[in-house]
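Taking it in order: structure first as structure tokens, then the write-up.
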Amino acid sequence: MLWKQFLGIAILCLALTQLRCVNSQATDTICNEGFTLVGDKCLMMKFFAINWFAADSQCQSLGAGLLTLQNEEQLLQINKWVNMDVQIWTSGNKLSNNGVYYWQNTEAEYLPWAENEPDPSSGNCLILTDMSGGSETIDFRLRVEACLIINAYICEQLTQSVETNQVA
């Protein structure tokens, strides 16, 4: 009688082992060469300081655009990723002369302004500037800047999803 219980347990264990070895599909998010996955964006930091128009052109030549910010989470990810006091061009601008700021070609809804901003007399393009006052934690905020001033910049490219087979 004991051998029947042993045989039942052995068959159950074998069945459970087989269930573990089932192929499953997973999706990985990847970026093109030179870009780094930061949150849900593929980013490339360029420290070579150029004006906004040249930065926009450089990003476009890479199949990308200048950085956009849609929410606080994305800003926090940029703070952690860059983690240094540097001024960075974003895609933010009001070059259309209607007084409205845009991220690339979309009207900007999220604009985390620095203190006393926006100052329309400063220019038409937006940079990220560190407002932490020298503390260890970077706190980027947006500031209006003349588009011909030179700054570092971040290019943003769409992520790519790749399906992979995994053995569970």
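Where strands (runs of 3 or more DSSP E) fall wholly inside region 82-168, the ranges with 1 or more residues that are crowded, with 18+ Cβ neighbours inside 10 Å are 88-93, 125-130, 140-145, 151-157. Check residue 46 against each of (1) farther than 25 Å from residue 121 by Cα; (2) in contact with a helix residue (DSSP H, G or I) (Cβ under 8 Å, 6 or more places away or on another chain); (3) at pLDDT below 90 and name the one condition it does not meet. Result: residue 46 passes all but (3).
The values are calculated or read from the model by the stated rules, or taken from the named source; none is laboratory data. Everything numeric here is computed off the predicted structure, so don't read it as measured data. Using ideal geometry, Cβ is built from the backbone for each residue, glycine included, and neighbour counts are taken over all protein chains shown.
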